[in-house]
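Shown next, in structure tokens, is the structure this report addresses.
The values are calculated or read from the model by the stated rules, or taken from the named source; none is laboratory data. Because the structure is predicted, anything quoted here is derived from the model rather than measured. Note that we place each Cβ from the backbone using ideal geometry, even for glycine, and neighbour counts take in every protein chain shown. The area values use the complete protein model at the heavy-atom level, side chains included, leaving out ligands, DNA and RNA. Shrake-Rupley method; radii C 1.70, N 1.55, O 1.52, S 1.80 Å.
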Number of protein chains: 2
Amino acid sequence: MSSMTNNYELYKVFYLAAKTGSLSQAAKALYLTQPSVSHAIKQLEDSFGLVLFHRTSKGVTLTQEGALLYSYIEQSHILITRAEEKMAALKNLDDGELRVGGSDSLFKHYLLPYLESFHRQYPGVRIHLNHGTTPEVIAFLKEGRIDLGVVRMPIVDPQLQVRESFQLQDCFVAGEGYSELKNTELSMEELLHYPIILFSRNSRARMAITELFQSYGYPLKPEFEVGSVDLLIEFARKGLGISYVTREFVSRELEDGSLFEIRLDVPLPPSQVGLMTMRNMPLTNAASRFMEMVG
Amino acid sequence: MSSMTNNYELYKVFYLAAKTGSLSQAAKALYLTQPSVSHAIKQLEDSFGLVLFHRTSKGVTLTQEGALLYSYIEQSHILITRAEEKMAALKNLDDGELRVGGSDSLFKHYLLPYLESFHRQYPGVRIHLNHGTTPEVIAFLKEGRIDLGVVRMPIVDPQLQVRESFQLQDCFVAGEGYSELKNTELSMEELLHYPIILFSRNSRARMAITELFQSYGYPLKPEFEVGSVDLLIEFARKGLGISYVTREFVSRELEDGSLFEIRLDVPLPPSQVGLMTMRNMPLTNAASRFMEMVG
DNA sequence: TATTGGTCATAGACGACATCTATAGCTCCT
DNA sequence: AGGAGCTATAGATGTCGTCTATGACCAATA
């Protein structure tokens, strides 16, 4: 007796019968036959022990009790219809949101064109960018605050799934003040005679290059330690030293000659960008579409 | 493609799965097995082309899309539950309304005890009384403003269904001033020497008695014509004349001697009270219960 | 480690019941 | 009187919702 809970499908039939004022028309609308509808209404009436419709030779009209029921069911039906529309919109990406985490520089130099074209193709999807360091982005992901993180590889975390996406190449660059180094190839030792500008300590690229020098026996101690890629570039342009930056992020400066790359006699390790998601966590439609576009 | 309209029953399953966070528990609540619930959810997901739940080893949690759907379905479910409760209440007569039409005097002298006991038994049912003349009451009924009319018979209207309920007897009464008539039997002619007080022209009782006198060849012209039974009584008590009233409505005055009945040498016709409803129109539960009580 | 107990997913069989066809009864309109 | 609506009813049919049985997975035990 606790949950009387009729079959909800009956309410759909009831709704249409009441709305159209005709069991036959309701049947048409539902792609059913009239007896089916008649039977469904009868089930409802029996379940309540109340008469819901007044049957006449030209259709049906609601009784008082039926009208009261209708006032509820109509609202309910509207909500369900909205829900279905909403779901369809999410499916078509006419609606929804895409929440991405990553570093500012990756957004700006790497993800921006994808975000642009995604937004152009799906203007209904609201895009949220959350920038932070790699551990912060991982935390965002685990808290469910973002759908997708864009970070440097490698990431080792059993809860996460990472897809390699794009290779970047870090390199040393300098500006006008060091033009004597333009067409030479330096050794590590020679490089270290110059002031070095590095990104802040906790960055992945900084750790990688420090380790590399260490493996050859050289300690890499920066003259300047800065907190953004833009500052790395600016410091180098002003001639304050040699910056270690991602080549793809300074392509413009390399083009216009305000910076040039310094070749070393040892190869520098490439760095992989990875798209990071929760393992075994379904993606939103928007997020998975975006992943496809980034490829 | 027009109306995507899923089987609503799936939403009930979805609701419980989301609410309990477990397909198994939802199954229990619905008296189903877990695979059934699993299948139902899959149907919904397939229909939308979206993943609604994130499955883990300890249950399910809503995805973003699922959460959005839930926000609609939860409301919808609440409405349906309320509707079902409301219907149960109407069935039990814990709620609802009873709308009766009739004349004031019938309400007061005939229907009141029934209304009282009905109200005592079903205090949740709101009672509306609409008084009016017989044609007005018929109109109320046809407009759907009342469920039930209480009127004098006969009623001839193919749209109406009338059940005879109670017999009343009209009679002539007078007060102290006419005590010489107390133990005599008058003829019609003798009666007409006294001032007569009648109810207003359009009443059924008035028409009946006028016709009766006419059939014997006597015109019945009242000295006073009043608009309520109370005035009929009051006028007679004050000695203004002889009132034609329903005997049952003056039982108290006949008891305490402030009025006495004048016997005629011709029998006066009894008048039937009828309960009138729309033919082929289902009654509300409250109305049909009330009809039973009135018997 | 293995074990146990919980989760959900899948496959296939079964049967309830939703739906259908056919028909009848009714009212209204031509 | 006949036709064109409407709904109700009865009984046949077959869909599809549900079940059983099983597997895979995970987490928390022993």
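For segment A:39-53, accessible area lost to neighbouring protein chains reaches 10 Å² or more, against the chain alone with a 1.4 Å probe, at A:48, A:49, A:50, A:51. A 1.4 Å probe run over segment A:166-272, with the rest of the protein chains in place, finds 52 Å² accessible per residue.
Between A:76, A:47, A:165, find the one with the highest GNM mean-square fluctuation for chain A; connect C-alpha pairs within less than 10 Å. Per the Cα network of chain A with a 10 Å cutoff, A:47 tops the list. Report, for segment B:153-295, the % of DSSP beta bridges that are antiparallel, rounded to 5. So the antiparallel bridges amount to about 70 percent of the total. For segment B:8-92, averaging the sequence separation of C-alpha pairs within contact (under 8 Å, six or more residues apart) and dividing by the residue count gives a relative contact order of 26 percent.
Looking at chain A, the DSSP beta bridges with both ends there are about 60 percent antiparallel. Relative to the current alpha-carbon distance between residue A:218 and residue A:92, full extension at 0.36 nm per residue lengthens the span by 39.8 nm. Each Cα pair under 8 Å and six or more residues apart adds its sequence gap; the mean of these over the residue count of segment B:152-281 is a relative contact order of 50 percent.
Can you give the FRET efficiency for residue A:251 and residue A:71, using 1/(1 + (r/R0)^6), R0 = 51 Å, r = Cβ-Cβ distance, to the nearest 0.05? E(calc), rounded to 0.05, equals 0.20. Paramagnetic label reach from residue A:202 (point 7 Å along Cα→Cβ; backbone nitrogen cut-off under 20 Å): within segment A:68-110, residues A:100-108.
In this simple spin-label approximation, residue B:187 and residue A:145 carry label points 7 Å from Cα along the Cα→Cβ vector, and these lie 11.0 nm apart.
Among the lysines of chain A, pairs at least eight places apart or on separate chains and with Cα atoms under 26 Å apart come to 19.
Each Cα pair under 8 Å and six or more residues apart adds its separation to the average, and for chain B the resulting relative contact order is 20 percent. Looking at the protein assembly as shown alone, DSSP beta bridges between its own residues are antiparallel in about 60 percent of cases. Chains B and A: how much accessible area gets covered up at their contact, both sides added, probe 1.4 Å, in Å² to the nearest hundred? Heavy-atom accessible area buried at this interface is about 4200 Å².
For residue A:261 and residue A:156 in the same chain, what is the full-extension length gain: residue separation times 0.36 nm, less their Cα-Cα distance, in nm?
Details: separation 105, 0.36 × 105 = 37.80 nm, distance 3.17 nm.
Between residue A:261 and residue A:156, full extension yields 34.6 nm more.
Only sites in a loop by DSSP and with at most 10 other Cβ atoms within 10 Å count here; which trypsin sites (Lys or Arg not before Pro) in segment A:151-243 make the cut? Those that pass, being in a loop and sparsely packed, are A:201.
Inter-copy label distances for residue A:46: 3.1 nm (label point placed 7 Å from Cα along Cα→Cβ; shortest first). Among the chymotrypsin sites (Phe, Trp or Tyr not before Pro) found in segment A:10-76, those both in a DSSP coil and sparsely packed, with 16 or fewer other Cβ atoms within 10 Å of their Cβ, are A:31.
Starting from the 7 Å offset along Cα-to-Cβ, what nm value, one decimal, do you get for the label separation of residue B:225 and residue A:272? Spacing of the two 7 Å Cα→Cβ label points: 10.6 nm. Of the chymotrypsin sites (Phe, Trp or Tyr not before Pro) found in segment A:228-285, not one falls in a DSSP loop while having at most 13 other beta-carbon atoms within 10 Å.
First measure r as the distance between the Cβ atoms of residue B:33 and residue A:7, then evaluate 1/(1 + (r/R0)^6) with R0 = 30 Å and state the FRET efficiency to the nearest 0.05. According to the calculation, E is roughly 0.95.
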